[in-house]
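Right, one structure below, let's go through it.
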2 protein chains.
Amino acid sequence: MKKVTIHDIAKELNVSFSTVARALNDHPAISEATKKSVRETAQKLNYRQNKLASSLRSGHSNTIGVIVPSLDVSFFSSVVHGIEKIINENGYSILLYQSNESYESEKKGIETFLNSRVAGIIASVAKETTKYEHFSEIRRRRIPLLFFDRVVESLHVPSVTIDDHKGGFLATEHLIRQGYKRIVHITAKQTIGIFKERLRGYLDALKLYNLPVDESLILYGDFSLDFGRQCIRDLYLREVSFDAVFALEDFTAMGVLQQLLAYKVRVPEEVGVIGFANESFAALVTPGLSSIDQQTVPMGEAAAELFLKMLRSEDLYNNLPKRIVLDPSLIVRASTERLASS
Amino acid sequence: MKKVTIHDIAKELNVSFSTVARALNDHPAISEATKKSVRETAQKLNYRQNKLASSLRSGHSNTIGVIVPSLDVSFFSSVVHGIEKIINENGYSILLYQSNESYESEKKGIETFLNSRVAGIIASVAKETTKYEHFSEIRRRRIPLLFFDRVVESLHVPSVTIDDHKGGFLATEHLIRQGYKRIVHITAKQTIGIFKERLRGYLDALKLYNLPVDESLILYGDFSLDFGRQCIRDLYLREVSFDAVFALEDFTAMGVLQQLLAYKVRVPEEVGVIGFANESFAALVTPGLSSIDQQTVPMGEAAAELFLKMLRSEDLYNNLPKRIVLDPSLIVRASTERLASS
DNA sequence: TTGAAAGCGCTAACAC
DNA sequence: GTGTTAGCGCTTTCAA
């Protein structure tokens, strides 16, 4: 199949190729009649506009780079799902990259985006990354950049995140209102921002409801399902009394749940359990695991919409960057539903 | 930041711009000394090759289009994860599109790919799609096309799928070997290829082990968690005796499991349950749900590798298309583990 | 309302 | 080993 260009259409119709170009771009100065015949022969010849040429010439591209740690993590694939939806509805396409949490990959991805002359970049930073030169280069080139979930604060770039403090607060408040009094919180050993925020939410809820903060109820670890199980074993070994557990994320909460059931502890009657992230399994396990929903798809949509606004505004980096902080929501399931009304 | 081109580097070094181009592309006829100085000033000036220009001129692009129904389905995001990994390691980038199971979106996605002059396309067909003109256009343009999981047989295009017949067989055989004799199979009302294959596997296993095929044990429905629950209620209502259930996918199996537990039926002692897909929740529910693993990441990797071979071969559409059929694997968990040894 | 001409930044054939 | 030249297929001024 020979490659068809606007010149072929022009030859066919005996007009100049620039008339054809204008007709295809729906230029106002072209008569409806010409437009019609141009479109018809374009169709007939199976013409397809070459975006490479048009982007090169015009200096405008309609692809935007999206880089995330891994699509194999449901949080990220779900956010990308939301981003792609909105981005596509607005006529852009996405160039996708996974950093696999590696700084080198992330840098390489950004370079590819820059070389491909993307219109802008949406990113969630790799865990490993501690140098941000590749991100500041984007800024220096005046290319729109937006972070979601994992943000580099020092760059002062627009971002979309969720309010982890509020999430921690909601989870804890819910347990308190269900009548639980000695609430364990499992958090991360490392001082990762989001987990510190969830812990702050936990502490603030206790304070607000005049419950004492008991340091022996705050457990620090390498979060995982196994760590959740281990926490429960330790609490029993140490004979710490408790009647509820708020775990920093659902897998850990799941471990907690499994170990409690193994010990024949009744959930939620004797001990309530709540997680964080609202993973798909939370609704399926028995008893259903209460959790905090992170609004993944809305996060992607909000990110894409804010980003489109950035693309359209001229004074991109002049005013203060906009930060959208989404509200997490409490999902109550059987694992904490001790009272009829919450 | 002014845009830097090879001309700027050339001016800086008093050489011709084509020397610069060759140096940057590591052309053998350029002296090491020139290469070095060119690379240095490129770095100094913050030069970035414009891929749009180079692809336009050379006629070769290094982006490949990937279109899937939805990234919000873990199967697809996991396969895309595998594809992206291999594709990137080989210097290509992926342009991503979701069809959301819609024919119109799928068509639009393919058109965008064609306009963007992608080097090739990897696709998993939308449910809604019944016309394949957009796919045959790809072939006509001699652009490499590969299907994974959802294939258009009539197009004779390379593909990567899993052996659903074998999956159905493995699941059923496992139940038989565990001593279950009256095995229910829940399948789809619509005659979707993969589900028909799983059913065939079920029937073949029964035959091989000389178990009778009882039509009243084969249930056709609109699969979902709720349908799984309903199946169990119906079986009890109709007083059909059975001692195991093989459901066409995990969510349905989960419904089965939940309803059995609600009826205080002991799993796996009285009834064994196995699903299909090995969703992440299968390992987390109690009892753990046995399932058939679909090799999502390997599928993505195999698809990407076969695809790269296609890109490199000249006689793309001459010989018979290669079809890779991956073996599913049996994952045994508590829901079917009635005997010590399987 | 349309045409002519220049050029986006690069690759690659052809010179020397 | 390096320079010259001609485009890739478009967009976009300027002129008519």
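Does at least one position in the stretch B:260-267 carry a residue that is of a type outside the set (Phe, Trp, Tyr) and under 26 Å from B:Ser77 (Cβ atoms)? So far as the stretch B:260-267 goes, no, none of its residues is of a type outside the set (Phe, Trp, Tyr) and under 26 Å from B:Ser77 (Cβ atoms). Test A:Glu270 against the stated conditions and say whether it is loosely packed, with under 15 Cβ neighbours inside 10 Å, touching an Asp or Glu at 6+ places or on another chain (Cβ under 9 Å) and in the same structural domain as A:Ile194 (by TED's automatic domain parsing). In short, yes. Residues in the stretch B:67-78 that are more than 8 Å from every other protein chain (Cβ to nearest Cβ) and touching a residue at least 24 places away in the same chain (Cβ under 8 Å): B:Ile67, B:Val68, B:Pro69, B:Phe75, B:Phe76.
So which of B:Ala126, B:Ala119 ends up being in contact with a strand residue (DSSP E or B) (Cβ under 6 Å, 6 or more places away or on another chain), under 25 Å from A:Thr63 (Cα atoms) and touching a residue at least 40 places away in the same chain (Cβ under 8 Å)? After applying the criteria, what remains is B:Ala119.
Name the residue that is nearest to the other protein chains (Cβ to nearest Cβ), counting only residues in the stretch A:146-159 that are among the aliphatic types (A, V, I, L, M), in contact with a strand residue (DSSP E or B) (Cβ under 7 Å, 6 or more places away or on another chain) and not in a strand (DSSP E or B). Taking the candidates together, the pick is A:Val157.
Selection of the stretch B:90-104 for residues being small (Gly, Ala, Ser) and within 8 Å of another protein chain (Cβ to nearest Cβ) yields only B:Ser93. One residue stands out among those in the stretch B:32-48 that are free of Cβ contacts under 8 Å to residues at least 40 places away in the same chain and among the basic types (Lys, Arg): the one that is nearest to DNA strand D (Cβ to nearest atom), which is B:Lys35.
I'm checking my understanding of the structure. Among residues of the stretch B:92-128 that are basic (Lys, Arg) and over 15 Å from B:Val152 (Cβ atoms), which one is surrounded by the fewest Cβ atoms within 10 Å (Cβ to Cβ)? Out of the qualifying residues, it is B:Lys108.
Selection of the stretch A:52-61 for residues being within 15 Å of A:Met310 (Cα to Cα) and facing chain B (nearest Cβ under 9 Å) yields only A:Ser61. If you scan the stretch A:212-223, which residues turn out to be without any contact (Cβ under 8 Å) to a residue 24 or more places away in the chain and assigned to a helix (DSSP H, G or I)? Listed by number, the list holds a single entry, A:Glu215.
Mind checking which residues of the stretch A:146-158 are closer than 22 Å to B:Ile94 by Cβ and either surrounded by fewer than 21 Cβ atoms within 10 Å (Cβ to Cβ) or aliphatic (A, V, I, L, M) (or both)?
A:Leu146, A:Arg150
Of all the numbered requirements in (1) of a type in the set (A, V, I, L, M); (2) away from chain B (no Cβ under 14 Å); (3) more than 26 Å from the chain's Cα centre (by Cα), A:Leu248 misses one, and that requirement is (3). Only one of the numbered conditions (1) away from DNA strand D (no atom under 14 Å from the Cβ); (2) buried (at least 23 other Cβ atoms within 10 Å of the Cβ); (3) part of a helix (DSSP H, G or I) is not met by B:Asn88, and that is (2). Among the residues of the stretch A:18-31, which ones are touching a helix residue (DSSP H, G or I) at 6+ places or on another chain (Cβ under 6 Å) and either free of Cβ contacts under 8 Å to residues at least 12 places away in the same chain or more than 9 Å from DNA strand D (Cβ to nearest atom) (or both)? Hits for the stretch A:18-31 are A:Ala23, A:Ile30.
Yes or no, residue by residue, for (1) more than 9 Å from DNA strand C (Cβ to nearest atom); (2) surrounded by 16 or more Cβ atoms within 10 Å (Cβ to Cβ); (3) more than 14 Å from chain A (Cβ to nearest Cβ):
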residue: B:Ile6; (1), (2), (3): no, yes, no
residue: B:Ser18; (1), (2), (3): no, no, yes
residue: B:Arg22; (1), (2), (3): no, yes, yes
residue: B:Asp26; (1), (2), (3): yes, no, yes
residue: B:Ala33; (1), (2), (3): yes, no, yes
residue: B:Gln43; (1), (2), (3): yes, no, no
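Taking the stretch B:45-62 as the range and being outside any loop (DSSP other than H, G, I, E, B), surrounded by 15 or more Cβ atoms within 10 Å (Cβ to Cβ) and either more than 8 Å from DNA strand C (Cβ to nearest atom) or not hydrophobic (A, V, I, L, M, F, W, C) (or both) as the test, the residues that pass are B:Lys51, B:Ser54, B:Ser55.
Matching residues to (1) assigned to a helix (DSSP H, G or I); (2) of a type in the set (A, V, I, L, M); (3) within 41 Å of the chain's Cα centre (by Cα):
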residue: B:Lys3; (1), (2), (3): no, no, yes
residue: B:Asp8; (1), (2), (3): yes, no, no
residue: B:Glu12; (1), (2), (3): yes, no, no
residue: B:Thr19; (1), (2), (3): yes, no, no
residue: B:Ala23; (1), (2), (3): yes, yes, yes
residue: B:Asp26; (1), (2), (3): no, no, yes
residue: B:Ala29; (1), (2), (3): no, yes, no
residue: B:Thr34; (1), (2), (3): yes, no, no
residue: B:Ser37; (1), (2), (3): yes, no, no
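Scanning the stretch B:224-250 for residues that are crowded, with 22+ Cβ neighbours inside 10 Å and either of a type in the set (Asp, Glu) or free of Cβ contacts under 8 Å to residues at least 40 places away in the same chain (or both) yields a count of 3. Please find, within the stretch A:188-207, the residue that is surrounded by the most Cβ atoms within 10 Å (Cβ to Cβ) out of those that are in contact with a strand residue (DSSP E or B) (Cβ under 6 Å, 6 or more places away or on another chain) and either within 22 Å of A:Glu239 (Cα to Cα) or at pLDDT below 95 (or both). Among those residues, the one meeting the criterion is A:Phe195. Inspect all residues belonging to the stretch A:63-83 and state whether any of them is surrounded by fewer than 19 Cβ atoms within 10 Å (Cβ to Cβ), within 14 Å of DNA strand D (Cβ to nearest atom) and part of a loop (DSSP other than H, G, I, E, B). Within the stretch A:63-83, not a single residue is surrounded by fewer than 19 Cβ atoms within 10 Å (Cβ to Cβ), within 14 Å of DNA strand D (Cβ to nearest atom) and part of a loop (DSSP other than H, G, I, E, B). Residues in the stretch A:129-145 that are surrounded by fewer than 15 Cβ atoms within 10 Å (Cβ to Cβ), of a type outside the set (Ser, Thr, Tyr) and not in a helix (DSSP H, G or I): A:Lys131, A:Arg141, A:Arg142.
When restricted to residues that are in contact with a Pro (Cβ under 9 Å, 6 or more places away or on another chain), more than 26 Å from B:Val4 (Cβ to Cβ) and at pLDDT 95 or above, the stretch A:126-152 contains 1.
The values are calculated or read from the model by the stated rules, or taken from the named source; none is laboratory data. Just so it is clear, the model here is predicted, and its values are computed rather than measured. Reconstructed Cβ throughout: ideal geometry from the backbone, glycine too, with neighbour counts over all protein chains shown.
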